[in-house]
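See structure below.
The values are calculated or read from the model by the stated rules, or taken from the named source; none is laboratory data. From a predicted model like this one, the values you see are computed outputs, not experimental measurements. When we count neighbours, we look across all protein chains shown, and the Cβ atoms used for this are built from the backbone with ideal geometry, even at glycine. The area values use the complete protein model at the heavy-atom level, side chains included, leaving out ligands, DNA and RNA. Shrake-Rupley method; radii C 1.70, N 1.55, O 1.52, S 1.80 Å.
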Amino acid sequence: MSIGARLAELRARIAAACAAAGRDAAEVVLVAVSKNHPAAAVREAMAHGQTVFGENRVQELAGKARELAEAGPEWHMVGTVQTNKVKDLLAVPGLALIHSLDREKLADALQARWASARQGRGPLRCLLQVAVTGEPTKHGVPVDGARALLTHVVRDCPDLAPCGLMAMGPLD
């Protein structure tokens, strides 16, 4: 099935789910995770109206974002961020949201780098990643530490804008 056909099918499923829930489908943002797919696949998806993409590795995200900068996609970092990758991550053109803010050390690194490199861009939007299942393979701040992390970000990281939570449920 082509990328365009898959996008059309997904959009139809989203519209049906929204209709069943009494929700406006225009409020839903489809993030197409392009990991392990070439920039050409992102271009093809963009030709079919997809504008928001996610990556889970900073190097892959940075490479695709540079290659596609002229096309203007919006990028989300959906994977775990190591503090030594913050500089490269925040240089990504079109970076709009980090889905994996899970510790104070990362918040502090993002704050320090974004404050000096934001170049007129607004606050950096982030989701707090919370480990809700207790599974050792899932990343995130433990549920009982989420409030403290949020408090730290709000109090000590004025250039970060927490706008929600991200959690991974169990596979079953």
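Computed values, structure above
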| quantity | calculated |
| --- | --- |
| Residue list for the range 53-111, restricted to those being among the acidic types (D, E) and under 11 Å from the mean Cα position of the chain (by Cα) | E55, E74 |
| Cβ-Cβ under 6 Å pairs, at least 6 apart or on other chains, the range 44-68 side more than 11 Å from L89 (Cα to Cα), far side part of a strand (DSSP E or B) and not aliphatic (A, V, I, L, M) | T51/E74; V52/E74; F53/W75; G54/H76 |
| Given (1) within 12 Å of the chain's Cα centre (by Cα); (2) at pLDDT 95 or above, number of the condition R155 does not satisfy | (1) |
| Some residue of the range 134-141 being closer than 25 Å to V52 by Cα, without any contact (Cβ under 8 Å) to a residue 12 or more places away in the chain and either assigned to a helix (DSSP H, G or I) or of a type outside the set (S, T, N, Q) (or both) | no |
| Residue match in the range 31-39 (condition: in a helix (DSSP H, G or I) and farther than 22 Å from L160 by Cα) | yes |
| Residue selected from the range 90-123 under the condition among the small types (G, A, S) and in a helix (DSSP H, G or I), by the criterion least open to solvent (accessible area, probe 1.4 Å) | A107 |
